[in-house]
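Here's the structure we're looking at; comments come further down.
Coordinate-derived values only; no laboratory data. All values reported here derive from a predicted model rather than from experimental measurement. Backbone-built Cβ (ideal geometry, glycine too); neighbour counts: all protein chains shown.
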Ligand SMILES: Cc1cc2nc3c(=O)[nH]c(=O)nc-3n(C[C@H](O)[C@H](O)[C@H](O)COP(=O)(O)OP(=O)(O)OC[C@H]3O[C@@H](n4cnc5c(N)ncnc54)[C@H](O)[C@@H]3O)c2cc1C
């Protein structure tokens, strides 16, 4: 049995802790905050409950596997609900298309109704290509520990697999080559933002998201997706994992390139053989580890070369229909601007808040998220530049005005928000940085803004003996499904007691 310390009680940290405890290890989680969940939380303000982080769960099989392998089935603990339709996409020319959940044939029909047969055929081509890409990348890349690029290059059928993945093609270029309808191209572009990236430089393989979302579905958890964090904390406790909240880890201690312990901000030292870091990988390598640890230098170099993921500006809106007209909304709604490229230029190049952003609204039908039938709790998210006061945007300024601008835009879209507004709170990238320790407020750690980005992410098993990285900034990346997979990879790399 090894003594394992986990830094951070995010979903990745807790998923790894549960698996490791089940494998017979003695596990303690040190968490800076007074609660678990990190970015994944359901928070209540008065009559309104909001998922302030993830509001869409895809690939629930990752968590089904975790729960069944560590004790009781997920479905015995949480109520997973398929969200139908999965998405409603609204465009600036007034067109709107509905994507039904878990049915590609119905999605093709909806596309045909709105944009015609050629567009629908184009989407079928997208799904077929995305499925092939998923088959090629799932097991050897997404679900495996990435030790080196060579493990991918020595595979059988390499040439045909490379053809499918098109490693040197960007996501945008691929949809252009497919001659996809311009509206559908925007939907494909949006998949790049699922990894905090710019579709013009993100790799074509992100098209797999189209297949994963449509085939494995869009899911909600009754009471909010943050319930997943609560259930994970309980599962960890059931397996004997100890939680130390309000415990900021300030140093990872090493001797001769090997982990020996942790130091907390209050000066307390903890002896430990293995550290699983769920905190941001760059922070781990540049702040927590001494710069003298020479075996960390390769990882530091790679992390420095990676672009950071974009951040998000969110509004938590409590609406009371007694004050105005209720508007018919689905669970996941996207409103695209007329110029999507301007959004990516402003975020990644100009580093300024987006003047006319794509607006995502999560308007759950889940009545357990409001305390009265006339009320609705909307989570509104727009992509934003990171909080970088020195050489980018300083989110400590101008946030009030930006929030008002978005509310005005929502009114212009006909959503009658101002009149119904009963509660409003906004969260800037600076807020996310401070409450979830996400540097710059990046949603996903590093972005996929280059063809090699996947290889620049922190490896799950460090060259520093006894150090492992889990969560959104480590392989295979951010978002709940990948974070859960990273926990599985780390637990199997550490092995049984
Ligand atoms: C606004 C928003 C919307 C999102 N939407 C979606 C979505 O719809 N679907 C989806 O799948 N994903 C979404 N995501 C991404 C998803 O939330 C994350 O990928 C995932 O929750 C990250 O989990 P993690 O394990 O990396 O840990 P994190 O959530 O990053 O947690 C890390 C934890 O470590 C703690 N910590 C860090 N450093 C230290 C230290 N030194 N000492 C002690 N504790 C420390 C932090 O306090 C934190 O609790 C969204 C994220 C955000 C912010």
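Computed values, structure above
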read-out	value
With Cα atoms, 0 to 90° folded angle of helix 104-115 axis to the chain main axis	40 degrees
Peptides ranked, highest mean first, by Cβ atoms within 10 Å: ranges 348-355, 264-271, 283-290	283-290, 348-355, 264-271
Peptides ranked, highest mean first, by Cβ atoms within 10 Å: ranges 187-196, 102-111	187-196, 102-111
Whole-number D in µm² s⁻¹ for the chain, Kirkwood Cα-pair radius fed into Stokes-Einstein, 4 °C, 1.567 mPa s	56 µm²/s
In degrees, nearest ten, helix 399-412 long axis to first principal axis of the chain (Cα)	40 degrees
Tensor-based shape of region 310-439 (alpha-carbon gyration tensor, a/c under 1.5 rounded, otherwise prolate or oblate)	prolate
Value of [θ]222 nm, deg cm²/dmol, for the chain, DSSP H segments ≥ 4, -39500 (n - 2.57) each, nearest 500	-9500 deg cm²/dmol
Largest to smallest principal axis extent of the C-alpha atoms in region 409-489, angstrom	58, 28, 22
Region 310-439, relative contact order in percent, only Cα pairs under 8 angstrom and at least six apart counted	38 percent
On Cα atoms only, tilt of 11-22 relative to the major axis of the chain in degrees	40 degrees
Relative contact order %, the chain, counting alpha carbon pairs below 8 Å whose residues are six or more apart	24 percent
